[in-house]
Amino acid sequence: MLLKIKQVRKKGRKRMTNLTAKKLTAEEPTSIQSNDEQSNVQMDNCRLVIVTGDKGGVGKSTFARALLQTYLDNKREFVAFDADTSNPQIRRFYGNECDVQPFDIFTRGKADAFLDDLRTFMSPRVKPGESILPRGKFLFLLELPSQSIQYFRLFEKEMGFFELLQKELHSRVTMTAVINRTKDSVNQLLQMHDFCNGQVDYLIVKNLFFGETDAFERYDNSSKVKELKESGVKLPEIYMPDLIAHAYDYLDENNYSFAQGIAQNEKLSVRGRVSRWMENFKESITPVKDLLGLKDVTLS
């Protein structure tokens, strides 16, 4: 009789343990593994957009800010990284509107934490005292400052950055090169391809601030660019519209985001110019929206 009672108590304790485990699983996920299971489908679509242009003044910050504004307008969940230590425009214009993280590409070893940061954003852990698992983020924007491509090249060589990103984080990179009409733009693209090769997607942005669509003859007529295309390298091209100087300067003077420029009431002319410019920008990136993390978004 005593043996039977012990067996009943043992079965009862086992049943209570199972019930407790089920309750914890349903109400309080506590590990990164549970988050991975929740996010497998999304991680296959993870995208890191790197905006570069190794010569200063080509318009890479303008493009990065407009793309960031497009993410905000379409309620995309993302994290921005600003690697410009002397003039961090993303942080200056958008630091109060979204998550902008620093990225030190110039100090050897400082950029190593970038991979760990990306993994944390993709697979956040449950915080102490909370029972709801935070949503992972799978879209990232990184603006590289001028004169930084060689530092990024060293970072990739020493870390195997692109390979780790693809194999470990199931992510794809879009290297976005903003160019002007000079030969330097061609050279920086060739340098970039030299170490990126087929590990990334490419996007060429022709900034119409420097002229009409036919003003990029040094790029269009480059024999080396033609060789790349003939070898099978995809180099899709888009045009970034030119924002008239007085509207651009007004935003710059007031540290306004594009949305704030549209919302302000002081300068109606600026509101009209910026509003239409953003419409044209979104129209220009529509053919390549998959490369910019906007695959399922209707841009208008």
With label points set 7 Å from each Cα along the Cα-to-Cβ direction at Ser223 and Leu268, the distance between them in nm comes to 5.7 nm
Please report the base-10 log of the normalised intensity I(q)/I(0) for region 240-293, using a Debye sum with one equal scatterer per alpha carbon and no solvent, at each q in 0.18 (1/Å).
-0.59
Max mean-square fluctuation residue, GNM over the chain, Cα-Cα springs under 10 Å, options Ser222, Ser61, Ser148
Ser222
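Mind checking the alpha-carbon convex hull of region 172-300 and giving the volume per residue in Å³?
Taking the convex hull of the Cα positions in region 172-300, it is 127 Å³ per residue.
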Within-10-Å neighbourhood charge of Asp84 [Cβ basis; K, R +1; D, E -1]
+1
Applying the Karplus parametrisation 6.51 cos²θ - 1.76 cosθ + 1.60 with θ = phi - 60° to the phi angles of region 78-86, what ³J(HN,Hα) value in whole Hz is obtained for each residue in order, glycine and proline being reported as x?
7, 10, 9, 10, 10, 9, 8, 7, 8
Sequence gap at least 6, Cα distance under 8 Å: using those rules, report the relative contact order of the chain to the nearest whole percent.
21 percent
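Is there a pair in Lys157/Lys282; Lys60/Lys110; Lys110/Lys229; Lys55/Lys234; Lys55/Lys157 whose C-alpha atoms are over 30 Å apart, and which pairs would that be?
Pairs exceeding the cut-off: Lys157/Lys282; Lys110/Lys229.
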How large is ³J(HN,Hα) for each residue in region 280-293, as worked out from phi by the Karplus curve 6.51 cos²θ - 1.76 cosθ + 1.60 (θ = phi - 60°), to whole Hz, x for Gly and Pro?
5, 4, 5, 5, 5, 8, 4, x, 10, 4, 4, 6, 10, x
Where the centre of each part is set by its Cα atoms, how far does region 154-173 sit from region 44-68, in angstrom?
18 Å
Share of accessible surface on carbon and sulfur in the chain, whole %, 1.4 Å probe and ligands ignored, is 48 percent
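Per the Cauchy relation, a quarter of the hull surface: what is the mean projected area of the convex hull of the alpha carbons in the chain, in nm²?
The orientation-averaged projected area of the Cα hull of the chain comes to 21.0 nm².
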Using Cα atoms only, what is the angle between the long axis of helix 183-196 and the major principal axis of the chain, expressed in degrees (0 to 90) to the nearest 10?
20 degrees
Would you calculate a helix-derived [θ] at 222 nm for the chain, using -39,500 (n - 2.57) for each DSSP H run of n ≥ 4 and dividing by the full residue count, to the nearest 500?
-15000 deg cm²/dmol
Degrees between helix 149-159 axis and first principal axis of the chain (Cα, 0 to 90, nearest 10)
30 degrees
Amide H neighbours of Phe81 under 5 Å, counting only residues 5+ apart in sequence or on other chains, H built in-plane at 1.01 Å?
Gln101, Leu141, Leu142, Glu143
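The values are calculated or read from the model by the stated rules, or taken from the named source; none is laboratory data. Just so you know, these numbers come straight off a predicted model, no measurement behind them. Ideal geometry is used to build each Cβ from the backbone, glycine not excepted, and the neighbour counts take in all protein chains shown. Accessible surface areas use protein heavy atoms only, side chains included; no ligands, DNA or RNA. Shrake-Rupley method; radii C 1.70, N 1.55, O 1.52, S 1.80 Å.
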